[in-house]
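Take a look at the structure below.
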Amino acid sequence: MGTVFITSEKSSIEKDLFSYENQGGYKAWRKVLTGPAEDIIDEIEESGLTGKGGAGFPVYKKWRLLTSQKDNKRYVVINGSEHEPGSVKDKYLLEKYPHKVLEGALITAYAVHASEVIIAINEESVQSIASLENALVEVTSAGYLDQSGINVTVRRVPDKYIVGEESALLEVLEGREPYPRKKPPFPIEQGLFNHPTLIQNVETVAHIPFIINHGPEAYRNLGINKQGVTLCTLGEEFNYPGVYEVPLGTSIRTILYGLGGGLKNGKDIKAIQPGGPSAGFLTQNQFDLPLDAEVLREHQSALGCAAIKAFSVDDCMVQEIEKITGFFAHGSCGQCPECRMETNMFHTFIKQVCQGQGNWKLLGKIDDILDMVQGKGICGLIKMPVAPVKTGLELFHDEFCRHIEEKNCSVCFGESN
């Protein structure tokens, strides 16, 4: 696993407390305890830090919303469930930099006047849990929690995709099945056990110590476009797979071929999804675009959690889209009839095309389904298959033709056809 971690003081693992302190660990925590909590939120605003879990919402806005709540019992939940296929950035942080995550979580809780921090981790990530629990013992024994009034607990959560949705995560933490809640009220207003709750991704809080230690401008300047950095996961299809901290604004081509070294099979990259399975596809003529959330949105894609999936020129994109729609059909919790219908129908249509049994009339119904479910669904999963399906139909029209009209896809039908 190749790794570049720019916001560390040095490029070394900081797994135990001694190593982390030697790299300047908990300096930011000691610093914030000497000043007003409100100043922390101002610094986070100036830094431009956005949530790294996928939505990209400005962090300071969520913090200010929480502090405006009248209920003084407040929770901070750090979401480390990481169910997004291809993403291992949070797992990497929890295993190699647990104290960075803990320090960022403590600063977050202090800034929003929360007394409880819960760090939720996928129960399958055994090493992540052990690493963080050990770090919590170390930091408690060292007295870093003394007089802070903050209690930190680690909770295991089920290995189900829908648990990544913030309100479904809260349901699990309250001992129920992971069914997303209707909104409003939002978790900021009425979250865990009906108290105001701030939910942040593991990576999001891991950026905070650097911002406090070096200042918002220094963090912004890490990015080519002065938006800081983000962690990217490059999958096993690359020559150099791993977790990389990438300056935002870096060209996608640089990430694919400079950091990733291209594909292991030696073939050209036909297309990518830059932000996980819900991101729209980008093809070769778009690889010079910058890794920038707004730019990617303009091209019907998304930065998401920056789990970059690359597809070879030999891959059948109809088959790949069928895998994606199948994933979302399986991942739907089934609570909303519209979501059950849409995800299952998308998968059925693409699967039939993949098997040589589809037709253009069938695919033409996709727009009708989208119109039917517009504005429906309790959570965002109902929208997730849309971008890959729509961009896939547009960008890989010739491959759909081979399945529908010619039935000569060597991947799906064999070389003889």
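The values are calculated or read from the model by the stated rules, or taken from the named source; none is laboratory data. Keep in mind it's a predicted model, so treat the numbers as computed, not measured. As a convention, Cβ positions derive from the backbone with ideal geometry for all residues, glycine included, and neighbour counts pool all protein chains shown. The accessibility values were calculated without ligands, DNA or RNA, using every heavy atom of the protein model including side chains. Shrake-Rupley method; radii C 1.70, N 1.55, O 1.52, S 1.80 Å.
Select from the stretch 149-176 the residues that are open to solvent by 30 Å² or more (accessible area, probe 1.4 Å) and either small (Gly, Ala, Ser) or in contact (Cβ under 8 Å) with a residue 40 or more places away in the chain (or both) and list them in ascending order.
Once the filter is applied, which keeps residues that are open to solvent by 30 Å² or more (accessible area, probe 1.4 Å) and either small (Gly, Ala, Ser) or in contact (Cβ under 8 Å) with a residue 40 or more places away in the chain (or both), the stretch 149-176 yields GLY149, ASP159, LYS160, TYR161, GLY164, GLU165, GLU166, GLY175.
Looking at the stretch 375-386, I want the residues that are over 11 Å from GLY334 (Cα atoms) and charged (D, E, K, R) and have a partner that is open to solvent by less than 30 Å² (accessible area, probe 1.4 Å) and part of a helix (DSSP H, G or I) with Cβ atoms under 8 Å, at least 6 apart or on another chain. Which pairs are those?
Note: pairs meeting the criteria are LYS376/CYS339; LYS376/ILE382.
Taking the stretch 331-358, which residues are assigned to a helix (DSSP H, G or I) and either buried (at least 21 other Cβ atoms within 10 Å of the Cβ) or in contact (Cβ under 8 Å) with a residue 60 or more places away in the chain (or both)?
The answer is GLY331, CYS339, GLU342, THR343, PHE346, HIS347, PHE349, ILE350, VAL353, CYS354.
Quick check on my filter: what residues within the stretch 58-86 are open to solvent by 10 Å² or more (accessible area, probe 1.4 Å), at pLDDT below 95 and under 19 Å from the mean Cα position of the chain (by Cα)?
We begin by selecting, within the stretch 58-86, every residue open to solvent by 10 Å² or more (accessible area, probe 1.4 Å); these are 58, 60-62, 64-65, 67-75, 79, 82-86.
Checking the rest, the ones that are also at pLDDT below 95 come to 72, 82-86.
Result: GLU82, HIS83, GLU84, PRO85, GLY86.
If you check GLU298 against the conditions, is it farther than 20 Å from PHE400 by Cα, among the acidic types (Asp, Glu) and free of Cβ contacts under 8 Å to residues at least 40 places away in the same chain? Before the answer, list the steps.
Values: farther than 20 Å from PHE400 by Cα: yes; among the acidic types (Asp, Glu): yes; free of Cβ contacts under 8 Å to residues at least 40 places away in the same chain: yes.
For GLU298, the condition - farther than 20 Å from PHE400 by Cα, among the acidic types (Asp, Glu) and free of Cβ contacts under 8 Å to residues at least 40 places away in the same chain - is met.
Return a yes/no flag: does the stretch 367-382 have any residue that is touching a strand residue (DSSP E or B) at 6+ places or on another chain (Cβ under 9 Å) and open to solvent by 10 Å² or more (accessible area, probe 1.4 Å).
Taking every residue of the stretch 367-382 in turn, none turns out to be touching a strand residue (DSSP E or B) at 6+ places or on another chain (Cβ under 9 Å) and open to solvent by 10 Å² or more (accessible area, probe 1.4 Å).
Scan the stretch 387-408 residue by residue and report those that are surrounded by fewer than 20 Cβ atoms within 10 Å (Cβ to Cβ), touching a residue at least 24 places away in the same chain (Cβ under 8 Å) and either among the basic types (Lys, Arg) or outside any helix (DSSP H, G or I) (or both).
Those that are surrounded by fewer than 20 Cβ atoms within 10 Å (Cβ to Cβ), touching a residue at least 24 places away in the same chain (Cβ under 8 Å) and either among the basic types (Lys, Arg) or outside any helix (DSSP H, G or I) (or both): LYS390, LYS407.
I'm trying to understand the selection: among the residues of the stretch 63-95, which are out of contact with any strand residue (DSSP E or B) (no Cβ under 6 Å at 6 or more places or on another chain), in contact (Cβ under 8 Å) with a residue 40 or more places away in the chain and under 22 Å from GLU38 (Cβ atoms)?
TRP63, LEU65, THR67, GLN69, ASP71, ASN72, LYS73, ARG74
Please go through the stretch 203-214 and pick out each residue that is in a helix (DSSP H, G or I) and either within 24 Å of ARG181 (Cβ to Cβ) or open to solvent by less than 10 Å² (accessible area, probe 1.4 Å) (or both).
GLU203, THR204, VAL205, ALA206, ILE208, PRO209, ILE211, ILE212
Taking the stretch 182-202 only, how many residues are within 17 Å of VAL163 (Cα to Cα) and either open to solvent by less than 50 Å² (accessible area, probe 1.4 Å) or small (Gly, Ala, Ser) (or both)?
9
Quick check: anything in the stretch 149-156 farther than 30 Å from PRO36 by Cβ and within 21 Å of the chain's Cα centre (by Cα)?
Yes, there is a match, as at least one residue in the stretch 149-156 is farther than 30 Å from PRO36 by Cβ and within 21 Å of the chain's Cα centre (by Cα).
Taking the condition of being in a loop (DSSP other than H, G, I, E, B) and closer than 30 Å to LYS27 by Cα, how many residues in the stretch 144-196 meet it? Explain how you work it out, then say what you get.
First, pick out the residues of the stretch 144-196 that are in a loop (DSSP other than H, G, I, E, B): 144-150, 158-160, 165, 174-191, 195-196.
Subset that is closer than 30 Å to LYS27 by Cα: 144-150, 188, 196.
Total satisfying the criteria: 9.
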